[in-house]
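Worksheet: the structure to be examined is printed underneath.
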Amino acid sequence: MSDLRKVPVTILTGFLGSGKTTLLNHILEDPNHGMRFAIIENEFGEIGVDEKILSEKAEEELIEVMNGCICCTVRGDLVVALKKLYSKISQFDAVIIETTGLADPAPVAQTFFVDDQVPEMYTLDGIITVADAKHIISRLDDEKPQGVENEAAEQVAFADRILLNKIDLVEEAELAPIEERLKALNPTAQIFRCEKSRVDPTNLIGINAFSLEKTLQMDPEFLNTDAEHEHDPTVSSISTKFEGFLNVRQLDIWIDEIIRTMGANLFRYKGVLSVAGKKNKYVFQGVGMLFSGGFVDAEWAEGEKRECCFVFIGKNLDKTVLLEGFMDCKCSEELRFKIGDSVVVRTGMHTYAAAHIIKLWDDANAYRVQLQDEEKTQMFVPIDEEDFVKVPKKADGGNADAAWDD
């Protein structure tokens, strides 16, 4: 065993939505380091989303540890994977383990010291923690039930490097107090301010920063394998997927409603979607009230199964509302009308107008129509439902505006 090459391992951690996967993509796509990485991806939900968001430009090996927290429920799976796949992993320059945002990094790091064989195969290079400047203080202040650890605090305390990310979302004057709070938990970790997790990978990989001696001084029980990690029982994940297509305009309406009603309890939500009428994949991500979504360069390959998947992680989530709302966004690429058909379309809250179809699936909208007015106005019809577009009702006087069945 002593003749084996020890593969350096970086643990990438940080609370939900802090920017870990964005950082991982940044590292994978960087053309300067010339390294190849084996990636171990851990997700809290039952359905994997992050591996679909990872860069497709990088030729890496992806090993996904799904459904559970790597610091407890699937920790044994990590040990088995590291041993079983060593012959393959050893062909790479290094390993990056991206933990779920609810993981305590200490038990993961412990894996590289307490097992009989793993320390002969791997060496822990460093723990990198990504902290969301917008939310990190509230996460650190979050009151937990008795006996439940504050994961955000543990992630900061065990870090060798801290990325203070999303600094563009807070005022400049707020950054110094945030850093002081982080330094109070971990005075030795170097802090990098950044936007979109952009930090030179040479500051994060191959740094030989993890010190067992320092860690034991901070936490004398670090090597105690009997210690248990308890998650907040009010925090859960809800995920689902379906094969087929989704109407992204309907999704926008639904997400706005979810943010308005559940935003305060949403730690993280993300998904990869197959949007009707588009070849490119659609990625949406959100943290609390902050949401972003858009089409990425990656396209659905010919023969690839087109499916939509999402995961929501938060506190006291309503599973029925989330699952039914997502399924309501499902649609078919086959539309009810064809080019040239005469229709009646909704033009306002209570106004309607006669039009005819001039294009199908235009910019992810079900239809582009031309109104039968003097200006020949064109407009989008986002959703192929009766509330938005329907067959004109024949009425005396031929007034299409009045021919809408409410």
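Which of the strands (runs of 3 or more DSSP E) contained wholly in the stretch 1-102 include at least 3 residues that are of a type in the set (A, V, I, L, M, F, W, C) and modelled with pLDDT under 85? The strands (runs of 3 or more DSSP E) meeting that bar are 61-65.
As for the stretch 289-304, it holds no residue that is β-branched (Val, Ile, Thr), more than 23 Å from Lys20 (Cβ to Cβ) and more than 12 Å from the chain's Cα centre (by Cα). Exactly one residue among Leu322, Leu335 is modelled with pLDDT under 95 and aliphatic (A, V, I, L, M), and that residue is Leu322.
Look at Phe291 and say whether it is of a type outside the set (S, T, N, Q) and surrounded by fewer than 20 Cβ atoms within 10 Å (Cβ to Cβ). Criteria met by Phe291. When the criteria are applied in full, Lys241 meets the requirement of being surrounded by 14 or more Cβ atoms within 10 Å (Cβ to Cβ) and among the basic types (Lys, Arg).
In the set Ala153, Ala173, only one residue is small (Gly, Ala, Ser) and under 16 Å from Asp104 (Cα atoms); that residue is Ala153. Taking the stretch 299-334 as the range and being surrounded by 17 or more Cβ atoms within 10 Å (Cβ to Cβ), farther than 20 Å from Arg249 by Cα and of a type in the set (Gly, Ala, Ser) as the test, only Gly314 passes.
When Phe291, Phe337 are checked against the criterion of being in contact (Cβ under 8 Å) with a residue 12 or more places away in the chain, aromatic (Phe, Trp, Tyr) and either out of contact with any strand residue (DSSP E or B) (no Cβ under 6 Å at 6 or more places or on another chain) or assigned to a strand (DSSP E or B) (or both), a single residue qualifies: Phe291. Here Phe267 fulfils each of the conditions (1) more than 26 Å from Val381 (Cα to Cα); (2) open to solvent by 20 Å² or more (accessible area, probe 1.4 Å); (3) assigned to a strand (DSSP E or B); (4) not aliphatic (A, V, I, L, M) apart from (2). In the set (1) open to solvent by less than 30 Å² (accessible area, probe 1.4 Å); (2) at pLDDT below 90, Ser274 fails one condition alone, (2). For the stretch 231-264, the tally of residues that are in a loop (DSSP other than H, G, I, E, B) and under 13 Å from Lys330 (Cβ atoms) stands at 2. Taking the criterion of being assigned to a strand (DSSP E or B) and within 36 Å of the chain's Cα centre (by Cα), the residues of the stretch 364-377 that qualify are Asn365, Ala366, Tyr367, Arg368, Val369.
The values are calculated or read from the model by the stated rules, or taken from the named source; none is laboratory data. Model, not experiment: these values are computed from the prediction. In this analysis, Cβ positions are derived from the backbone assuming ideal geometry, glycine residues included, and neighbour counts consider all displayed protein chains. Side chains are part of the model used for accessible areas, which takes the heavy atoms of the whole protein and leaves out ligands, DNA and RNA. Shrake-Rupley method; radii C 1.70, N 1.55, O 1.52, S 1.80 Å.
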